[in-house]
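Peer 1: Please see the structure below; I have some questions.
The values are calculated or read from the model by the stated rules, or taken from the named source; none is laboratory data. Predicted, not measured: the structure shown is a model, and the values here were computed from it. FYI the Cβ positions are ideal-geometry reconstructions off the backbone, even for glycines, and counts take in every protein chain you see. Calculation scope for accessible area: heavy atoms of the full protein, side chains included, ligands and nucleic acids excluded. Shrake-Rupley method; radii C 1.70, N 1.55, O 1.52, S 1.80 Å.
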Amino acid sequence: MITLENVSKWYGKFQVLKNCTTKVGKGEVVVVCGPSGSGKSTLIKTVNGLEPIQQGKIIIDDTEITNPSTNLAKLRSKVGMVFQHFELFPHLTILKNLTLAQIKVLGRSDEEAREKALSLLDRVGLLAHANKYPAQLSGGQQQRVAIARALCMDPIVMLFDEPTSALDPEMVNEVLDVMVELAYEGMTMMVVTHEMGFARKVAHRVIFMDAGEIIEDTSKEQFFTNPQSDRAKDFLAKIIH
Amino acid sequence: MTFNWTLFFQSTPYGDGIYFNWLLNSAMLTLSLAATAWIIAFILGSIVGIMRTVDSKILNRLAIGYIELFRNIPLFVQMFIWYTIMPLFLTGSFKEWFIQELDPDIQTFILVSIALGLFTSARIAEQVRTGIQTLPIGQRYAATALGLSKFQTYRYILLPNAYRKIVPTLTSEMTNIIKNSSIASQFGGLRELVGLITSMNDQTNSIIEILCVITITYMIINYSVITIMRFVEKKTRLPNMMSGG
Amino acid sequence: MQLFQWIADIPTLVMNNYPILLQGLWLTVRITFTAIVVGIIWGTFLALMRLSNNKILNSFAKIYVTTFRSIPLLLVLMWFYFALPQMIKHLFHLGPDADIGTSCAIIAFTLFEAAYYSEIIRAGINAVSKGQYHAASALGMTRSQSMRLIILPQAFRAMVPLLLTQGIILFQDTALVSTIGLVDLLGAAVKRIGENIGSTAEYSMIIFVAITYFIICFGTPRLIRKISYFKKG
């Protein structure tokens, strides 16, 4: 489904990604973790081309995104993304947040888009808020809306960039619950997160990154019970109290 | 010193009613000048401001050059250029029509409006740019990730939020454009509010009374614009937010 | 093209008439300098009045600033050019041809710009955090001491870029004094030289003034930035 081959990226002279190679199969849930500044957020943003790369190859569903002839907009509409700071559009109601791209990018009719939006809002338990504006919702609610917004596009894969790290602690679980449900339904997911509970519960694989490199790329069981590198051991010791 | 406070209710020597009519006409002219220039300024300012934020070096440089050019020459000098020099570069039938058939007052009106519009557009461009650039970068990411094109991202996401954010500074540009339109009085005897002062003083020799009335008129216009724009700001403000954006 | 001819004429015209141009530029500089210095001082007082608890001072400053900011500079100049001399001459029994126009124009200009400066300064003072006031009074400083020693220095440091921008705007505004017959740079070039020599000299002179203003307005902020950069080392 997703293939990354020797992906490298520089900001000026500073190399943020070093030869990252990995694969995410269909229906697989992969958690990416690592200390802050390790490049994990940058890595996930390269997957749908939000951050350009200077070297390497990224292939999604047989389409090479680094190929200049690729219709990026069309490809992106198939890749759902959820951001740390939700990034709902503040000037649009919740419903319009969900329908805008369906209408403008997928060319769905207003009615079709609305139905889809309402059914997904219902699914994340926020149907009653359809006509409110983002600022009228709590952080947890906004992030659930953001997930619904991405799902509206019928994505073949979902990317999550630290979806719970900007939330107050009491709101983390309502968002994780939605994500767990999504994983059980067989959605292909790539998740940057520190929530090791989530990783234990649903991840198939864990990628551990440090200083722009993929240090470990292994099964969940292996990662938690028997991490190979000292850096991963350090990291786990700090994050699991 | 004696004052003649009923001056504006006395008849003019031209049989066109009382001086108050003159005042109304001049106020209308001030507002039309400002409105015409505002339309030019808003459209060009938005285009140039957007050009400042796209990732094309050429468009960026062009926009910077435009802004620096129009904001570093005094408006009065720019009006001189438009009023005195620009008509000389007209050619052919357009020149004939513009210079010979068009009413001189309308000629002046057009030329000074363009000057005022371009001068103000450079300032609006800077505000539009700031409005767009101070939006969180994530908004751009989110729109792109949903598959929206660059044009759609600007049209549906960035611009509606940026404009909402800059309503207060646009308001002050609006009051500036009204005040700046007074410089038009120096060209072709245009009788907007400040132009009225000298021409009416020649008739009545009551400068202090005239100055008082014109000052009050400007204050009323200014106050009205601010009140209207405050209403606009309130209308466009999103629920549960301290300020738009 | 004629435009290039007019531009080509500029050096000769400038060389032949440089005394009056320099005189004009000198007046422009004098007005700018006076208005900036006195404007900032008077503007600071106005800002402090606006922030004071004294109702009379507060409303005086408020009315002053609102009035000056809602009317065009040209109108202010007319007040001071037409009305004020008339009143002064009436009060002091001066002859009708006593020339107080120039001083009146400079005063008008300064009072006008002070209203704009006061708003910048007020915003700057408000931007200094409340904690600084508390810290100063906790150390036993009086209100005026904490304003003078703690708040204003911080406020001014933060305001420098805005004050500079306003200074450039003010410099451009001075071009308007030629409308009331003063011979500033624009007045000297366009009214004195251009209209006297006639034909296309006026066009050359307008272009000359535009270029001069552009160079000064574009260059000064960059020059100042460079100097302050070198100073910091």
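Peer 1: Can you pull out the residues in region A:104-117 that are at the interface with another protein chain (Cβ under 10 Å from one of its Cβ atoms) and either assigned to a helix (DSSP H, G or I) or touching a Phe, Trp or Tyr at 6+ places or on another chain (Cβ under 6 Å) (or both)? If you could, list the steps in order and put the result at the bottom.
Peer 2: Applying the first criterion (at the interface with another protein chain (Cβ under 10 Å from one of its Cβ atoms)) to region A:104-117 yields A:104-106.
Correct list: A:Lys104 only.
Peer 1: On to the next question. With respect to B:Phe94, is the statement that it is more than 11 Å from every other protein chain (Cβ to nearest Cβ) and loosely packed, with under 12 Cβ neighbours inside 10 Å true?
Peer 2: The answer is yes for B:Phe94.
Peer 1: Working only within region A:209-227, note down all residues that are surrounded by 16 or more Cβ atoms within 10 Å (Cβ to Cβ), without any contact (Cβ under 8 Å) to a residue 40 or more places away in the chain and assigned to a loop (DSSP other than H, G, I, E, B).
Peer 2: Result: A:Pro227, single match.
Peer 1: For region B:182-212, give me the residue count where each residue is of a type in the set (Val, Ile, Thr) and buried (at least 19 other Cβ atoms within 10 Å of the Cβ). It would help to see each step written out before you state the result.
Peer 2: First pass over region B:182-212, keeping only residues of a type in the set (Val, Ile, Thr): B:183, B:194, B:197-198, B:204, B:207-208, B:210.
Retained after the next criterion (residues that are buried (at least 19 other Cβ atoms within 10 Å of the Cβ)): B:183, B:194, B:197, B:210.
Total satisfying the criteria: 4.
Peer 1: Going by the structure shown, is A:Leu120 out of contact with any strand residue (DSSP E or B) (no Cβ under 6 Å at 6 or more places or on another chain), open to solvent by 20 Å² or more (accessible area, probe 1.4 Å), away from chain B (no Cβ under 12 Å) and more than 24 Å from A:Lys45 (Cα to Cα)?
Peer 2: No: the conditions fail for A:Leu120.
Peer 1: Which residues, counting only those in region A:123-140, are within 11 Å of chain B (Cβ to nearest Cβ), crowded, with 16+ Cβ neighbours inside 10 Å and part of a helix (DSSP H, G or I)?
Peer 2: Across region A:123-140, the qualifying residues are A:Pro134, A:Gln136.
Peer 1: Out of (1) part of a helix (DSSP H, G or I); (2) under 24 Å from the mean Cα position of the chain (by Cα), the odd one out for B:Leu190 is which?
Peer 2: So the condition that B:Leu190 fails would be (1).
Peer 1: For C:Ser118, all conditions in the list (1) polar (S, T, N, Q); (2) within 10 Å of another protein chain (Cβ to nearest Cβ); (3) under 17 Å from the mean Cα position of the chain (by Cα) hold save one; what is the number of the exception?
Peer 2: Tallying (1) polar (S, T, N, Q); (2) within 10 Å of another protein chain (Cβ to nearest Cβ); (3) under 17 Å from the mean Cα position of the chain (by Cα), C:Ser118 fails exactly one: (2).
Peer 1: Can you work out which of the residues in region B:43-79 that are assigned to a helix (DSSP H, G or I) and closer than 30 Å to B:Ile197 by Cα is most open to solvent (accessible area, probe 1.4 Å)?
Peer 2: In this case the residue turns out to be B:Arg71.
Peer 1: Out of all the residues in region B:213-231, which are within 11 Å of chain C (Cβ to nearest Cβ), within 17 Å of the chain's Cα centre (by Cα) and buried (at least 17 other Cβ atoms within 10 Å of the Cβ)?
Peer 2: B:Tyr218, B:Ile221, B:Asn222, B:Val225
Peer 1: Which of the following residues is out of contact with any strand residue (DSSP E or B) (no Cβ under 6 Å at 6 or more places or on another chain), of a type outside the set (S, T, N, Q) and open to solvent by less than 40 Å² (accessible area, probe 1.4 Å): C:Ala155, C:Ala135, C:Ala127, C:Ala123?
Peer 2: Answer to the check: C:Ala155.
Conditions (1) of a type in the set (Gly, Ala, Ser); (2) touching a helix residue (DSSP H, G or I) at 6+ places or on another chain (Cβ under 8 Å); (3) open to solvent by less than 30 Å² (accessible area, probe 1.4 Å); (4) assigned to a loop (DSSP other than H, G, I, E, B), marked per residue:
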| residue | (1), (2), (3), (4) |
| --- | --- |
| A:Lys23 | no, no, no, no |
| A:Gly27 | yes, no, yes, yes |
| A:Val30 | no, no, yes, no |
| A:Ser36 | yes, no, no, yes |
| A:Ile44 | no, no, yes, no |
| A:Gly49 | yes, yes, yes, yes |
| A:Ile53 | no, yes, no, yes |
| A:Gly56 | yes, no, no, no |
| A:Ile59 | no, no, no, no |
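Peer 1: Checking the conditions here, which among C:Phe60, C:Phe4 is open to solvent by 40 Å² or more (accessible area, probe 1.4 Å), among the hydrophobic types (A, V, I, L, M, F, W, C) and farther than 30 Å from C:Ser103 by Cβ?
Peer 2: C:Phe4
Peer 1: Which condition from (1) more than 10 Å from every other protein chain (Cβ to nearest Cβ); (2) of a type in the set (Val, Ile, Thr); (3) more than 17 Å from B:Arg71 (Cα to Cα) is the one that B:Thr169 breaks?
Peer 2: Only one criterion is unmet by B:Thr169, namely (3).
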